[in-house]
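This report concerns only the one structure given below.
Just so it is clear, none of the values below were taken in a lab; they were calculated from the coordinates. Note that the structure is a prediction, hence the values are computed from the model and not measured. Please note: Cβ atoms are built from the backbone with ideal geometry, for glycine as well, and neighbour counts cover all protein chains shown.
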Amino acid sequence: MISHNVRMSFGLRPAAAALAVAGAVVLAGCSGGAPADPGTSPASASATPPASPSPSTSPSPTPSAVYKPADASGPAQNVPVPVLPEVAKTETKEGAEAYAKYWFSVLSYAYETGNVDIFEQVEPPGCTACLKVKEVIKNWHSEGRWLVGGKLTTPVANTTFEKAEDGRYQVAVQVHQEPLSYMRADGSVARTDPQAPDQGNLLMLDYKGGAWTASELGSIVG
């Protein structure tokens, strides 16, 4: 069975745009009825090096792992781990905007890999929508299942860089998410969500101890 949209409220202060402090991340969740893990395991091989290699023999270079997005044949492979840009470590307008983009790249990584460890390090405390996101991601990256699509990109991130009374900064972020397909362990498609319009998201950021943290997440309307 598939799905509910995730929405929540925070009570953020109005900014330049009207804020509908609802779930910024809109999801379709699935649960139950998944086939059992096929139990496949990667093949392994061992090689015994020669006792006395020729001095003229040069080791072959190790090929770089190639990123492969998820498709109908299997989950994504070698997904690049998001790296926090140096500018995103600074308390500047550019730093806040770069951190907001990084935040959504971490969420995108979780969608593609099923690994939510990094996302849990950056999610706002008490974020109900984030819990729903993780539930969907974990569920569909278990028992042989996987997700196709769902990758997030952030065409625009913008802040006036005016500190609110509580010391936080607001960053408005346009987020585009690729359509999601929910794959069963046998390779069949449980569901494909249609392309959703880009979301207007609002991240509330704190800068303490030389680092940005996200304290709240909401969506922008109007």
- Item | Candidate lysines - alpha carbon under 22 Å from LYS89, same-chain residues fewer than 8 apart omitted | LYS101, LYS163, LYS208
- Is the shape of the stretch 70-220 rounded, prolate or oblate, going by the alpha carbon gyration tensor and its root eigenvalues a ≥ b ≥ c, with a/c under 1.5 for rounded and a/b larger than b/c for prolate? prolate
- Message: How large is the translational diffusion coefficient of the stretch 130-214 in µm² per second when you combine the Kirkwood radius over alpha carbon pairs with Stokes-Einstein at 37 °C and 0.692 mPa s?
- Response: 214
- Task: Evaluate E = 1/(1 + (r/R0)^6) for LYS89 and ALA190, where r is the Cβ-Cβ distance and R0 equals 35 Å; express this FRET efficiency to the nearest 0.05.
- Result: 0.30
- How big is the convex hull of the Cα atoms of the stretch 167-222, per residue, in Å³? 128
- Sticking with the crude label model, points 7 Å out along Cα→Cβ, report the distance from ALA211 to GLN174 in nm, one decimal please. 3.1
- Note on the structure: Computed from the beta carbon distance with a Förster radius of 35 Å, FRET efficiency for ALA72 and GLU165 to the nearest 0.05 stands at 0.10
- Between ASP198 and SER142, how many nm apart are label points set 7 Å from Cα along the C-beta direction? 3.5
- Message: Amide H of SER215 versus every other amide H placed in the peptide plane: which residues, excluding those fewer than 5 positions away on the same chain, fall under 5 Å?
- Response: MET204, LEU205, ASP206
